[in-house]
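**Student:** The structure under discussion is supplied below as structure tokens; questions concerning it will follow.
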Amino acid sequence: MQMSYAIRCAFYQLLLAALMLVAMLQLLYLSLLSGLHGQEEQDQYFEFFPPSPRSVDQVKTQLRTALASGGVLDASGDYRVYRGLLKTTMEPNDVILATHASVDNLLHLSGLLERWEGPLSVSVFAATKEEAQLATVLAYALSSHCPDMRARVAMHLVCPSRYEAAVPDPREPGEFALLRSCQEVFDKLARVAQPGINYALGTNVSYPNNLLRNLAREGANYALVIDVDMVPSEGLWRGLREMLDQSNQWGSTALVVPAFEIRRARRMPMNKNELVQLYQVGEVRPFYYGLCTPCQAPTNYSRWVNLPEESLLRPAYVVPWQDPWEPFYVAGGKVPTFDERFRQYGFNRISQACELHVAGFDFEVLNEGFLVHKGFKEALKFHPQKEAENQHNKILYRQFKQELKAKYPNSPRRC
């Protein structure tokens, strides 16, 4: 009897050990599978089971918290900064589309969300107290009615330091309280806004473009910083993610996205074939062609449009940086910030590209992706104060290049 009991105990112990071994082998298999196919499996999983966006109440709480903080002053003390009115999440190798806009130009967000499938960050500048109020109401309305805004968009607010933004009352202004869908919010904004050029605000306040750019790309590993009235080619985010996931060799490379401008923005080209057709008949031309041809010429547009068609996004050729090239690019790692002393118009992006070059980054032009600006850029006549700021920036740029010599004493590169 005792022998039978001992045999049964030994059998159960052996069975338990076998079950534990099977469980451990399953865990080992899953771990190996995750290591071999982790990203692919995760992508397939999220295609069928996408992560739930944050609830409307969570987003509204975040908005109220950001506004209730009172904001912080920038380094100059001229502007008040409210970070994180809306927030988004990013994976380590994600690419964020970073942009900036006056309140009226937030209209362009709708088109960006359609083309860019990844996270998007926008810094909004409100030049007056009334615009600050409108910006908070818009953030409230967009977060309430637009799931994509809740899931993928980070929004920050900047206004002159003498103003403070307030937590919006959903009843003010009354028209926005009646809206019930995302499209209605953008339609209403189209009726009340007066979109134009960000730095031509018609006020005595300088548009702090570089402060806004830094704020929009803050916290991102890889970022593509663009103007809000530009549209990326279809699938650009996905192509960049696939390329970055396959290799970690891009730490000191600026991946240049060729920029164009289109005469009529009724239908923006989706792919390179459509773009090249419009380019050949003069409906599309290089960005800044009518304002500053040398500012984009090193991109080598004639070479780019004649590259053989490819299915995968990749760097096609290297371009040495030269003044005054100011390309739009994707870069990660220790990317120099934009110098916030540059405001309004002139030398604000050239200065950052110049430092990127001196800091050791190389520029490689991508083969398929592109950006298109809505409308041809034409010369404008500025208010005398704005023209004076442009001249100020020209002097500041010469000073900036001298400062880089001290900042990077061991670099053989100069602007």
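**Student:** Using only the alpha-carbon atoms of the stretch 52-228 as identical scatterers, what base-10 log of I(q)/I(0) does the Debye formula give at q = 0.08, 0.10, 0.12, 0.15 Å⁻¹?
**Tutor:** Relative scattering, expressed as log10 I(q)/I(0), comes to -0.21, -0.33, -0.49, -0.80.
**Student:** Ignoring everything but the protein chains, give the 1.4 Å probe accessible area of Asp57 in square angstrom, nearest 10.
**Tutor:** Accessible area of Asp57: about 110 Å².
**Student:** Next up: Give me the distance in nm between label points sitting 7 Å out from Cα along the Cα-to-Cβ direction at Tyr408 and Asn300, one decimal.
**Tutor:** Simple spin-label model gives 2.1 nm for this pair.
**Student:** Please report, to one decimal in angstroms, the Kirkwood hydrodynamic radius of the stretch 237-337 built from all distinct Cα-Cα pairs.
**Tutor:** Its Kirkwood hydrodynamic radius stands at 15.1 Å.
**Student:** For Lys129, go through the aspartates and glutamates and keep the ones whose alpha-carbon is under 16 Å away, minus same-chain ones fewer than eight residues off.
**Tutor:** Within the straight-line cut-off, Lys129 pairs with Asp78, Asp104, Glu164, Asp169, Glu172.
**Student:** How much length, in nm to one decimal, is gained on full extension between Leu291 and Thr128, taken as 0.36 nm per residue of separation minus their Cα-Cα distance?
**Tutor:** Additional length available on full extension: 55.7 nm.
**Student:** A further question follows. Heavy-atom accessible area per residue, the stretch 233-414, 1.4 Å probe: how many Å²?
**Tutor:** Result: 49 Å² of accessible area for each residue.
**Student:** Taking the simple approach of a point 7 Å from Cα along Cα-to-Cβ for both Glu310 and Glu91, what is their distance in nm?
**Tutor:** Once both label points are built, they end up 2.2 nm from each other.
**Student:** Counting only protein heavy atoms, what percent of the accessible surface of the stretch 52-228 is carbon or sulfur at a 1.4 Å probe?
**Tutor:** Percent of accessible area from carbon and sulfur atoms in the stretch 52-228: 49.
**Student:** Out of residues 5 or more away from Tyr79 or on other chains, whose amide H comes under 5 Å of its own, with H placed 1.01 Å from N in the peptide plane?
**Tutor:** Amide H neighbours of Tyr79, under 5 Å, 5+ apart: Asp74, Ser161.
**Student:** For a paramagnetic label modelled at 7 Å from the Cα of Glu283 toward its Cβ, which residues of the stretch 221-244 fall within the zone defined by backbone nitrogen distances under 19 Å?
**Tutor:** 230-234
**Student:** With viscosity set to 1.002 mPa s and temperature to 20 °C, compute the Stokes-Einstein D of the stretch 288-362, Rh being the Kirkwood radius across alpha carbon pairs; µm²/s, no decimals.
**Tutor:** This corresponds to a translational diffusion coefficient of 153 µm²/s.
**Student:** Output the direction-averaged projected area (hull surface divided by four) of the convex hull of the alpha-carbon atoms of the stretch 233-414, in nm².
**Tutor:** For the stretch 233-414, averaging the hull's shadow over all directions gives 11.3 nm².
**Student:** Right, something else. Classify the stretch 310-415 as rounded, prolate or oblate from the Cα gyration tensor: take a ≥ b ≥ c as the square roots of its eigenvalues, call it rounded if a/c is under 1.5, otherwise prolate when a/b beats b/c and oblate if not.
**Tutor:** The shape class here is oblate.
**Student:** Which loop-located trypsin sites (Lys or Arg not before Pro) does the stretch 329-364 contain, where loop means any DSSP state but H, G, I, E or B and the Cβ has at most 11 other Cβ atoms within 10 Å?
**Tutor:** For trypsin sites (Lys or Arg not before Pro) across the stretch 329-364 that sit outside H, G, I, E and B with at most 11 neighbouring Cβ atoms in 10 Å, the list reads Lys334.
**Student:** Related question: Quick one: which residues, 5 or more positions from Ala254 or on another chain, have an amide H under 5 Å from its amide H? H modelled 1.01 Å from N in the peptide plane, none for Pro or chain starts.
**Tutor:** Asp362, Phe363, Glu364
The values are calculated or read from the model by the stated rules, or taken from the named source; none is laboratory data. What you see is a predicted model; the values in this text were computed from it and never measured. Neighbour counts are summed over all protein chains in view; Cβ atoms, including those assigned to glycine, are modelled from backbone coordinates with ideal geometry. Calculation scope for accessible area: heavy atoms of the full protein, side chains included, ligands and nucleic acids excluded. Shrake-Rupley method; radii C 1.70, N 1.55, O 1.52, S 1.80 Å.
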